[in-house]
Amino acid sequence: MLSRLRAIPHVTVSENALLREHTRFAIGGPARFLIDVSAEDSLPAVLAELRTSGCAVALIGGGTNLIVADAGFPGAVVRYTAHRIEASGDSIRVDAGAVLQDLIDFTVEHGLKGLETMTGIPGWVGGAIYGNAGAYGHSIQERSECVRFFDGSCFREIGNAECKFAYRESVFKHSKDWIVTSAALRFEPADPAALRASADAILKIRNEKYPPSMRCAGSIFKNLILANLPESVRARVPAQVIREGKVPSAYFLETIGAKGMKRGGIQVADYHANLIYNTGGGTSADLRELIELLKSRVMAEYGLALEEEVQYIF
């Protein structure tokens, strides 16, 4: 199987690759195979070979919101790594393997308004589409015209409505075998200098909250839609914590004493109750135990089921 995979153009195969080197948490054991595919035409052949061999497959992107088991993954971890960014007027076609910040910087330099509020969010474009990434009241769905993906048998493109974007949601989260390969985005013309000033101000704030060297995935839990909360819970939420119709998960976590909590080398920040990071030597088991403890305490106090933004590979 390995020789056949390596014979496919634009494919790189690594054996026993430590996944902790490919995640923001810097946690996780080895994958039996790590397979990077840098051209769309090669993707079907790689997946067909893995399917024929019976090898378990996990699909990942930049590893930003990823928790990997300490034991690693016994099969093949596949990444689509094509990263072209091409502009045509106020539109951009971008590959899923492009670094999100590279795309944001590209739009700023070309005077294209719409993604600058996402400055500093780590990861790749494919993951941003998958999780409908966003910040400061804006998300990538606002700029997405269509998304191209491989559905396991053929390549397809669907428009914005068919992507079923919602808060940190898309159709791709519920179709795990679909692999986003590119997206077409549309923007509004703007002054590059003004966009850069806005982006730099946002980056400063983000870096103070989530230092680039911090081994974390940003916020662990999704915020909650105020209108979807039970009346008994809404009555307990101070008006000043509500932002754009959402209640930060950090509010509920802070009230149950989350700040500063630790499990092994994993800790909740003492300044932000929805930020969990690896202080060094943390394990996946520690991280999962702390996440479950936080969820159980919020459930006991409020009857709310917090939902993680992170994804798991076990």
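FYI, it's all coordinate maths here, none of it is from the lab. The structure presented is a predicted model; accordingly, all values stated were derived computationally and were not measured. Don't worry about glycine lacking a Cβ; one is built from the backbone with ideal geometry, like all the others, and counts go over all protein chains shown.
Restricting attention to the stretch 1-152, close to 60% of DSSP beta bridges with both partner residues there are antiparallel. Over the stretch 2-80, the reciprocal of the mean inverse Cα-Cα separation, the Kirkwood hydrodynamic radius, stands at 12.6 Å. Based on C-alpha pairs under 8 angstrom that are at least 6 apart in sequence, the stretch 2-80 has a relative contact order of 37 percent. Take the Cβ-Cβ distance between E109 and E162 as r, set R0 to 35 Å, and report the resulting FRET efficiency rounded to the nearest 0.05. Result of the calculation: an efficiency of 0.70.
Neighbour counts of other Cβ atoms within 10 Å put Y136, Y80 in the fewest-to-most order Y136, Y80. A Förster radius of 30 Å combined with the Cβ-Cβ distance from S53 to E289 puts the calculated FRET efficiency at roughly 0.30. Sorted largest first, the principal axis extents computed over the alpha-carbon atoms of the stretch 164-290 equal 46, 42, 39 Å. Each Lys or Arg adds one and each Asp or Glu subtracts one; over the other residues with Cβ under 15 Å from the Cβ of R93, this totals -3.
For the chain, what are the DSSP H helices with axial Cα length of 24 Å or more and mean Kyte-Doolittle hydropathy of at least -1.0? Present the calculation step by step, with values, prior to reporting the outcome.
On the way: long enough: 192-209 (26 Å, -0.23); 284-302 (27 Å, -0.02).
Span-like helices here: 192-209, 284-302.
How high is the relative contact order of the chain, given as a whole-number percent (alpha carbon pairs under 8 Å, six or more residues apart)? Can you show the working numbers first?
Working: 627 pairs, mean separation 51.0, N = 314.
With pairs under 8 Å counted, the relative contact order is 16 percent.
Measuring r between the beta carbons of R186 and M299 and using R0 = 45 Å, the FRET efficiency lands at 0.65. Less than 5 angstrom separates the built amide H of F221 from those of E309, all sequence-distant by 5 or more or on a different chain.
Each Lys and Arg contributes +1 and each Asp and Glu -1, all at the Cβ; summed about the Cα centre of the stretch 3-56, the dipole is approximately 200 debye. Note on S88 and S232: their simple-model spin labels are 5.6 nm apart, each label 7 Å out from Cα toward Cβ. Neighbour counting of Cβ atoms within 10 Å sorts the residues S14, S213, S42, fewest neighbours leading, into S213, S14, S42. Residue-normalised convex hull volume from the C-alpha trace of the stretch 233-314: 101 Å³ per residue. Of the peptides 301-307, 239-245, the order by per-residue mean of other Cβ atoms within 10 Å, starting with the highest, comes out as 301-307, 239-245.
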